[in-house]
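One structure below.
The values are calculated or read from the model by the stated rules, or taken from the named source; none is laboratory data. These figures come from a predicted structure and were not determined experimentally. Don't worry about glycine lacking a Cβ; one is built from the backbone with ideal geometry, like all the others, and counts go over all protein chains shown. Remember, those area values only see protein heavy atoms, side chains included, never the ligands or the DNA or RNA. Shrake-Rupley method; radii C 1.70, N 1.55, O 1.52, S 1.80 Å.
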Amino acid sequence: MNKELRPCVIAGNWKMNKNRLEAKALIEEMKPLVADASCEVVICVPYTNLETALELTKGTNIKVGAENCHFKKSGAYTGEISAEMLSEMGVEYVVIGHSERRQYFGETDQTVNLRTLAALEAGLKVIVCVGETLEQRELGYTETLLKFQTKMALTNVTADQLKNIVIAYEPVWAIGTGVTATADQADEGNGYVRAAVAEVYGKAVAETVTVQYGGSMNAGNCDELLSKINVDGGLIGGASLKAPDFATIVKAGSK
Ligand code: PEP
């Protein structure tokens, strides 16, 4: 197994945080701190901050992502944003299937797949999230669930399109809770995700797919988590809202 076959991607997920002024200040503070990163640096921001983020990151190594998109190109879907709308703005990434979307907004494995396909078709790179709840883990379903969610999310995604997919393993019990999976649990979960990719696309292809860990990753635990063979990056919530903390994680991802 060779980590060098896949790029390390460190992505911030700002969730529903930061008004325009705050976003501007955070990005300005972050820019010099991550400028010499050798990993991919992404900030996924609320729709209302996309334009600001795109403007302020022009000519830098920071890529901009959205936190969701709809699967239809256009139409009577009040309040929704299509993948095309994002890509024509210059947005590069989109997060799909975050557990908060699954938990609060009725996101299902089917809609995660539809959104993923639409985003790929629009030319976006997708960070697709999978993860088990504490109950599912305690019942012993972690492997089954992660493999199922991964395969469902990737249904009808071609091996070529897979180059634009990053998968984030985010145990639901570790998101925003301050409880981090141990480095071994993260490695194991990411390994299940990679195994699911291998079952569909073959082992050689699976070795090239970036699988992030997400769930209370921070400046203190990132080194250990990112040192694991199956952990190719991080999806970072809370710690991405503080420039020095995010920069520390980016530095760990650049080693
Ligand atoms: C996330 O939002 O994807 C996340 C992992 O959040 P946190 O880092 O705050 O747990």
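Given the conditions (1) open to solvent by 60 Å² or more (accessible area, probe 1.4 Å); (2) not in a loop (DSSP other than H, G, I, E, B), report the number of the one that residue 80 does not fulfil.
(2)
Out of curiosity, is residue 192 within 24 Å of residue 225 (Cα to Cα), among the aromatic types (Phe, Trp, Tyr) and touching an Asp or Glu at 6+ places or on another chain (Cβ under 6 Å)?
Details: within 24 Å of residue 225 (Cα to Cα): yes; among the aromatic types (Phe, Trp, Tyr): yes; touching an Asp or Glu at 6+ places or on another chain (Cβ under 6 Å): yes.
Spelling it out, residue 192 is indeed within 24 Å of residue 225 (Cα to Cα), among the aromatic types (Phe, Trp, Tyr) and touching an Asp or Glu at 6+ places or on another chain (Cβ under 6 Å).
So which residues in region 40-59 are open to solvent by less than 50 Å² (accessible area, probe 1.4 Å) and not in a helix (DSSP H, G or I), if there are any at all?
Pass one, region 40-59, residues open to solvent by less than 50 Å² (accessible area, probe 1.4 Å): 40-46, 49-50, 52-54, 56-57.
Of everything in region 40-59, those that are open to solvent by less than 50 Å² (accessible area, probe 1.4 Å) and not in a helix (DSSP H, G or I) turn out to be 40, 41, 42, 43, 44, 45, 46.
Would you mind finding the one in 186, 181 that is over 15 Å from the mean Cα position of the chain (by Cα), surrounded by 24 or more Cβ atoms within 10 Å (Cβ to Cβ), within 13 Å of the ligand (Cβ to nearest atom) and over 21 Å from residue 111 (Cα atoms)?
Numbers: 186 fails: over 15 Å from the mean Cα position of the chain (by Cα).
After ruling out the rest, the residue left standing is 181.
Quick one: which residue in 23, 37 is modelled with pLDDT of 95 or more, in a helix (DSSP H, G or I) and away from the ligand (no atom under 16 Å from the Cβ)?
Working: 37 fails: in a helix (DSSP H, G or I).
Checking each option against the conditions leaves just 23.
Kindly list, by first and then second residue, each pair from a residue in region 235-249 that is assigned to a loop (DSSP other than H, G, I, E, B) and modelled with pLDDT under 95 to a residue that is of a type in the set (Gly, Ala, Ser) and more than 9 Å from the ligand (Cβ to nearest atom), limited to pairs with Cβ atoms under 7 Å and residues at least 6 apart or on different chains.
none
Go through region 119-152 residue by residue and tally those that are of a type in the set (Gly, Ala, Ser) and buried (at least 24 other Cβ atoms within 10 Å of the Cβ).
First, the residues of region 119-152 that are of a type in the set (Gly, Ala, Ser): 119, 122-123, 131, 140.
Of the ones still in play, those that are also buried (at least 24 other Cβ atoms within 10 Å of the Cβ) are 119, 131.
Going through region 119-152 one residue at a time, the tally reaches 2.
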